[in-house]
1. Taking amide hydrogens as modeled 1.01 Å from N in the peptide plane, which residues meet the under 5 Å criterion relative to VAL95, leaving out close sequence neighbours?
2. Return the subset of LYS37/LYS68; LYS4/LYS99; LYS3/LYS37; LYS3/LYS99; LYS30/LYS99; LYS30/LYS68 for which the Cα-Cα distance in this structure is over 30 Å, preserving the input order.
3. I'm spelling it out carefully: the read-out is Rg and Dmax of the Cα atoms in Å, the candidates are [x] 14.8, 44; [y] 17.2, 55; [z] 13.1, 37, and one was derived from this structure. Which label?
4. Relative contact order for the chain: what percent, with Cα pairs under 8 Å and sequence separation of 6 or more?
5. Say R0 is 25 Å: what FRET efficiency, to the nearest 0.05, do GLU75 and LEU46 get from their beta-carbon distance?
6. Could you give the accessible area per residue of the range 4-85, probe 1.4 Å, as a whole number in Å²?
7. At 0.36 nm per residue, and after removing the present C-alpha to C-alpha distance, how many nm does the segment from CYS57 to ALA24 gain when stretched out fully?
8. Of all accessible surface on the range 1-54 at a 1.4 Å probe, what whole percent is carbon and sulfur?
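The values are calculated or read from the model by the stated rules, or taken from the named source; none is laboratory data. Quick caveat, the model's predicted, so the values are computed rather than measured. Here the Cβ is made from the backbone with ideal geometry for all residues, glycine too, and neighbour counts use every protein chain on show. Note: accessible area is taken over every heavy atom of the protein model, side chains too, but ligands, DNA and RNA are not part of it. Shrake-Rupley method; radii C 1.70, N 1.55, O 1.52, S 1.80 Å.
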Amino acid sequence: PMKKIVDPQRIEDKSFKIIEGLLADLNLPKEQKEVVKRVIHATVDLDYARGLIFHPCAIEAGLAALRKGKNIVTEVNMVKVGIRGEILSGCGGAVACLKNGQEVVQSESQAG
């Protein structure tokens with residue numbers, strides 16, 4: 001019988017190990033592979049492994065922006081929850097999801 005894992009961190013670690021195994025033959029720079037791994041973890045869609053295309057400066061520019069305290073804006077709460085806010089705030093940034101923001105709710109209700 002399989003041993004149950006109930007610790008959330010161990011579950012996440014195990015998930016990433018499984019994804020890493022599935023991506024073993026993917027020929028990408030380490031930094032890009034880390035992004036792909038997280039996208040697959042969030043979406044449960046292995047097609048991203050071969051479908052994501054990175055601008056040569058994307059990782060460097062993204063990290064530089066975060067280090068400068070830039071904010072992350074998303075339209076999906078699931079993405080917001082997956083971002084470690086304490087790490088982001090340590091750089092001076094914050095994460096916001098506008099999907100349920102008052103302006104968006106008003107705009108969607110007026111459009112419908």
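1. HN-HN under 5 Å from VAL95: ILE72.
2. Working: LYS37/LYS68 25 Å; LYS4/LYS99 36 Å; LYS3/LYS37 25 Å; LYS3/LYS99 39 Å; LYS30/LYS99 32 Å; LYS30/LYS68 23 Å.
Check vs 30 Å cut-off fails for LYS4/LYS99; LYS3/LYS99; LYS30/LYS99.
3. [y]
4. Values: 75 pairs, mean separation 19.5, N = 112.
Reported relative contact order: 17 percent.
5. Details: r = 24 Å, r/R0 = 0.94.
Efficiency for this residue pair is about 0.60.
6. On the way: 6360 Å² over 82 residues.
On a per-residue basis, 78 Å².
7. Between CYS57 and ALA24, full extension yields 9.5 nm more.
8. Values: 2550 of 4390 Å².
Of the solvent-accessible surface of the range 1-54, carbon and sulfur hold 58 percent.
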